[in-house]
Structure formats: C-alpha cells, structure tokens
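First comes the structure, then the notes that go with it.
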Amino acid sequence: MLVAAAVCPCPPLLVPEVAAGAAPEMDAARAACGQALGVLAAARPDLLVVVGPAGQPGCTSYPEGTRGSFRGFGVDVDVRLGRDTGTVPGQELPPSLAVAAWLLEQAGRLDVPVEGIGVEELLEPERCAAAGRDIARRAGRVALLVMGDASACRSVKAPGYLDERAEPFDAEVARALEEADTAALLALGTEPAHGLKAAGRAPWQVLAGAAEGAGLRGELLYDDAPYGVGYLVATWS
C-alpha cells in the first residue's frame with residue numbers, strides 16, 4: 001500500500017555542478033525537494049520506488065545499485081540508486097532517475113530498499129495507472145519518489161517557446177498535486193502534455209494509480225517556472 005509520495009522536478013540543473021554559475025537560481029527548488037524527501041523518510045516505508053520519464057518503451061526497471069552520471073552534461077559527477085549491492089547492473093540510470101539518485105544522496109539516502117522505474121513519456125494513462133497499482137502492492141508500506149517536469153513552454157526563452165496553454169496546464173497539475181486529486185491527474189491527455197513537453201505526465205499518472213484508495217493528503221511545496229519550465233514539488237502522505 002502506498003503510504004507516502006514525493007513529487008520533484010528532474011532537471012539536471014538541480015545538481016549544482018551542472019548548473020555551475022546558475023546554481024543559486026535553483027536553491028529554493030532544491031530545498032523543497034529536501035523537505036519532500038523528509039516526508040518519505042518519516043513514513044517509514046518498507047520499499048521506496050523511484051519513478052521518472054525515460055526513453056525506453058513501456059516501463060523499465062532499474063535495480064538498487066544501478067549507477068548513473070552527469071558526464072553527458074560536462075561534469076564529473078556519478079551517482080548510485082540506493083545502497084551498494086555489490087553488483088553493478090548493466091544498464092545506466094536515465095537522467096530523471098540520476099537526478100533522483102542525487103537527491104537521495106543529498107538526503108543521506110533512506111535506509112530502505114530502493115528500486116527505479118523509467119516510464120515511457122507517451123505511455124497511455126491506463127497503463128501508467130496499472131503500473132502504479134502494481135507498485136502499491138509490492139510491500140506493506142510503499143513510498144514513491146516521482147520525478148517529472150511540467151510544461152516547457154512558459155516563456156519565449158523556454159525550450160518549447162511560449163505556448164498559451166502551458167500556464168493553465170501547469171496550474172491544473174499543481175492543483176491536482178496539492179489536493180491529491182488522482183482523477184484529475186489521470187485525466188491529463190497524452191498528446192496535450194507531449195505538445196507542451198511536460199515530461200512528468202506519465203510518472204504523475206503512475207502516482208495516481210498507486211494512490212487509489214490510499215486516502216493520502218497533498219501539500220504543494222514549490223511552484224515556479226525558471227527558464228520557462230514548470231517545476232513542481234509536492235508531498236502526499
């Protein structure tokens with residue numbers, strides 16, 4: 001059963017070495033992510049599952065100990081998902097899960113088994129929800145760390161340029177996260193989200209499926225759009 005969830009954005013810019021001189025601009029987002037991870041730790045889960053967008057089709061599992069890096073962004077920073085299991089899985093963490101691994105390291109890692117799931121950005125809402133329900137059944141007390149950005153079209157300098165649909169879309173997602181509104185998250189359309197470059201749509205819908213019937217309450221900790229990209233931090237507990 002899902003007992004807690006933290007929703008965080010997944011830009012590599014959260015890692016100060018990647019952001020370099022712009023690192024202070026993400027300080028508030030980093031602080032909110034740290035607060036959200038504190039909620040997960042307080043829930044004392046039996047299992048932590050990290051979910052984030054990935055390029056592979058469907059859902060791809062990443063076992064505890066899987067490594068990732070930010071070398072592709074020009075910095076010599078390596079991360080590991082959870083504890084060192086003594087074996088090195090063959091695959092590497094996708095960027096979203098590498099950011100999650102970095103956040104967990106900054107929080108001192110939770111003393112709990114961890115696994116990662118990369119979700120195809122265009123995965124249908126029904127399949128996302130089904131994946132979430134499966135996750136919720138994996139242990140008596142399950143926590144989720146859900147990685148994903150909102151729209152990338154909030155300004156003319158945004159990666160997707162300015163789109164007037166972006167701000168209302170992000171506002172509805174923020175409301176749904178604050179109110180733990182699973183139905184509203186599941187109602188997000190695949191194509192509108194893709195058109196707005198909202199990489200968090202599929203992971204949010206995994207959360208919605210996992211939270212069905214759990215009776216969790218939401219809290220919105222951060223809502224801003226630096227660089228024209230919507231970043232949201234929330235907790236469900």
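Data table
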quantity: Qualifying residue in region 47-66 (condition: open to solvent by 60 Å² or more (accessible area, probe 1.4 Å) and in contact with a Lys or Arg (Cβ under 9 Å, 6 or more places away or on another chain)); calculated: yes
quantity: Residues that are surrounded by fewer than 24 Cβ atoms within 10 Å (Cβ to Cβ) and under 19 Å from residue 89 (Cβ atoms), drawn from region 106-117; calculated: 109, 112, 113, 115, 117
quantity: Members of region 39-93 found to be touching a residue at least 60 places away in the same chain (Cβ under 8 Å), of a type in the set (Gly, Ala, Ser) and in a loop (DSSP other than H, G, I, E, B), listed by number; calculated: 43, 55, 58
quantity: Options 171, 158: the member that is surrounded by fewer than 23 Cβ atoms within 10 Å (Cβ to Cβ) and over 21 Å from residue 220 (Cβ atoms); calculated: 158
quantity: Sole residue being within 23 Å of residue 210 (Cβ to Cβ), out of contact with any Cys (no Cβ under 9 Å at 6 or more places or on another chain), in a loop (DSSP other than H, G, I, E, B) and modelled with pLDDT of 95 or more, chosen from 129, 139; calculated: 139
quantity: Test result for residue 140, surrounded by fewer than 22 Cβ atoms within 10 Å (Cβ to Cβ) and either closer than 17 Å to residue 6 by Cα or small (Gly, Ala, Ser) (or both); calculated: yes
quantity: Residue match in region 122-129 (condition: touching a His at 6+ places or on another chain (Cβ under 8 Å), open to solvent by 30 Å² or more (accessible area, probe 1.4 Å) and touching a residue at least 24 places away in the same chain (Cβ under 8 Å)); calculated: yes
quantity: Any hit, region 176-194, residues being closer than 17 Å to residue 124 by Cα, of a type outside the set (A, V, I, L, M, F, W, C), touching a Phe, Trp or Tyr at 6+ places or on another chain (Cβ under 9 Å) and open to solvent by less than 20 Å² (accessible area, probe 1.4 Å); calculated: no
quantity: Filtered residues of region 136-168 (kept if within 25 Å of residue 32 (Cα to Cα) and among the β-branched types (Val, Ile, Thr)); calculated: 142, 146
quantity: Top-ranked residue of region 68-105 - restricted to ones that are open to solvent by 10 Å² or more (accessible area, probe 1.4 Å) and of a type in the set (Phe, Trp, Tyr), ranked as nearest to residue 13 (Cα to Cα); calculated: 73
quantity: Residues being touching a Lys or Arg at 6+ places or on another chain (Cβ under 6 Å) and within 25 Å of residue 210 (Cα to Cα) - total across region 158-179; calculated: 0
quantity: In region 23-42, the residues that are farther than 21 Å from residue 113 by Cβ, more than 15 Å from the chain's Cα centre (by Cα) and open to solvent by 40 Å² or more (accessible area, probe 1.4 Å); calculated: 24, 25, 27, 28, 31
quantity: Hits in region 199-224 - residues which are in contact with a Leu (Cβ under 8 Å, 6 or more places away or on another chain) and either basic (Lys, Arg) or over 13 Å from residue 132 (Cβ atoms) (or both); calculated: 200, 201, 218, 220, 222, 223
quantity: Matching residues, region 199-228, being open to solvent by 10 Å² or more (accessible area, probe 1.4 Å) and in a loop (DSSP other than H, G, I, E, B); calculated: 199, 212, 213, 214, 215, 216, 217, 225
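The values are calculated or read from the model by the stated rules, or taken from the named source; none is laboratory data. What you see is a predicted model; the values in this text were computed from it and never measured. Positions of Cβ are backbone-derived with ideal geometry, glycine not excepted, and every protein chain shown enters the neighbour counts. Areas reflect the complete protein model, heavy atoms only, side chains present, ligands, DNA and RNA absent. Shrake-Rupley method; radii C 1.70, N 1.55, O 1.52, S 1.80 Å.
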